[in-house]
Amino acid sequence: MKRVTILGATGSVGSSTLDLIERTPERFEVVALTANSDVDKLAAAAIRTKAKVAVVADPACLEALRERLAGTGTEARAGAEAVCDAARLGVDWTMASIVGTAGLKPVMAALEAGGIVALANKEALVSAGEVMMAAAQAHGTTLLPVDSEHNAVFQCLDRTAPKGVSRIILTASGGPFRRTSIEDMRAITPKQAVAHPNWSMGAKISVDSATMMNKGLELIEAYHLFPVRADQLDVIVHAQSVIHSMVEYVDGSVLAQLGSPDMRTPIAFALAWPERMETPCERLDLAKIARLDFEAPDYTRFPALQLARDALTAGGARPAILNAANEVAVAAFLAGRVAFLEIAAIVADTLSRYDPAAPDSLDAVLAVDAEARVRAVERVKDCVV
Ligand code: NAD
Ligand code: MG
């Protein structure tokens, strides 16, 4: 029996993880499930999986959670600190699938607790890559990438011969606006932006895919996960999302991982690692797919990708500022307060107005994040939709 905890159990990745676990309940013991405020979904999952603990980050939801779980044997807890405590219970396997900076402290708590941490929360590596990787190393924790591109690279990478790797090539679907002119991009609505052509995901990452900031965040994520320099990381647009990423070796060989666009495949890889487990994911019918297309990314229509690349090259506090400003801008866009093209502009302006020293601890990263948010919020106020 593998003892597992899911941080962000009510989200898109969290639900896919539960789906896999619930197909083979005899192999897993669910210890803790956490959510922000979706009491109904959290309580239902806790009851189905007989979780020991269920935690809502929003303290105002505690009473409702207690009521739902009364007499079930699952303990109800609440608050941001309780989410971190849930991450410290010392399980074999933790899924880190909280979205955004809210996941940083819980991810750190899980890394310090040890075992295997399956990481979906890419923002943790973007903002705090150095401190997160150092914590994993110091506590002997195995970090397995769940982001489909990084999971693909993990599967293709020969860890025993890092010098043989010449390039890591992340594939990008290009999102829903791959063919949209910059003029038409001005009028993009939140509803259009969250409708991803290939993947079903949470709202924030869907908007990130639409601006291609997601691929930029993934460049930074890959830099921390794999033994390569920033200039060895490339992006190629591949609209079908069949190849999930590639590793090029010095001899010219390129290894790719393919599969249908279903997060349950990379989640299952992390869940069973180092073994494999069955999934209900659709098998690839390559004859039906018939062709795979590739094109270079357009940095003019998708400036967020360039901003992320520059933040990666500059290092220090830049990726944390990029990430914080992007979270503010995406939330403002989803709330109808700023236009689609303003998202990258808000991030660029925040980066140009704030340049603190490199943070050397999680608290220092969170301080940079907080200050960047204040500045990004100010910038949002200047926008008229
Ligand atoms: P989502 O919005 O569907 O779910 C987010 C989860 O985080 C929910 O359970 C929510 O309750 C929880 N949460 C939100 N705010 C919180 C807070 N303040 N405190 C505690 N918990 C909070 O998001 P998602 O699409 O599942 O993505 C989760 C993470 O995985 C993101 O970092 C995303 O970039 C990454 N990711 C997602 C996918 C995907 O297919 N959805 C693919 C690759 C990577
Ligand atoms: Mg991805």
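The values are calculated or read from the model by the stated rules, or taken from the named source; none is laboratory data. Note that the coordinates shown come from a computational prediction; the quantities given were computed from them, not determined experimentally. Every residue, glycine as well, gets a Cβ built from its backbone with ideal geometry; the counts of neighbours run over all protein chains shown.
Identify, from the list ALA45, ALA54, the residue that is away from ligand 2 (no atom under 16 Å from the Cβ), within 24 Å of the chain's Cα centre (by Cα), more than 17 Å from ALA102 (Cα to Cα) and part of a strand (DSSP E or B). Exactly one of ALA45, ALA54 is away from ligand 2 (no atom under 16 Å from the Cβ), within 24 Å of the chain's Cα centre (by Cα), more than 17 Å from ALA102 (Cα to Cα) and part of a strand (DSSP E or B), namely ALA54.
Counting only strands (runs of 3 or more DSSP E) that sit wholly inside the stretch 95-180, those with at least 3 residues that are crowded, with 24+ Cβ neighbours inside 10 Å and either hydrophobic (A, V, I, L, M, F, W, C) or away from ligand 1 (no atom under 12 Å from the Cβ) (or both) are 116-119, 165-172.
In summary, TRP199 fulfils each of the numbered conditions (1) at pLDDT below 95; (2) surrounded by 18 or more Cβ atoms within 10 Å (Cβ to Cβ) with the single exception of condition (2).
Conditions (1) among the basic types (Lys, Arg); (2) within 13 Å of ligand 1 (Cβ to nearest atom); (3) under 23 Å from the mean Cα position of the chain (by Cα), marked per residue:
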site: ILE6; (1), (2), (3): no, yes, yes
site: SER12; (1), (2), (3): no, yes, yes
site: LEU18; (1), (2), (3): no, yes, yes
site: ALA32; (1), (2), (3): no, yes, yes
site: THR49; (1), (2), (3): no, no, no
site: LEU65; (1), (2), (3): no, yes, no
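Within the stretch 346-366, being in contact (Cβ under 8 Å) with a residue 24 or more places away in the chain and aliphatic (A, V, I, L, M) holds for ILE346, VAL347, ALA348, LEU351, ALA357, ALA358, LEU362, VAL365, LEU366. What about THR141, is it more than 18 Å from the chain's Cα centre (by Cα), closer than 29 Å to SER15 by Cα and among the hydroxyl-bearing types (Ser, Thr, Tyr)? Yes: the conditions hold for THR141. Among the residues of the stretch 276-288, is any under 19 Å from the mean Cα position of the chain (by Cα) and at pLDDT 95 or above? Within the stretch 276-288, none of the residues are under 19 Å from the mean Cα position of the chain (by Cα) and at pLDDT 95 or above. On the given criteria, is ILE182 at pLDDT 95 or above and within 16 Å of ligand 2 (Cβ to nearest atom)? Spelling it out, it is not the case that ILE182 is at pLDDT 95 or above and within 16 Å of ligand 2 (Cβ to nearest atom). In the stretch 194-208, the condition of being within 21 Å of PRO303 (Cβ to Cβ) and aromatic (Phe, Trp, Tyr) is met by no residue.
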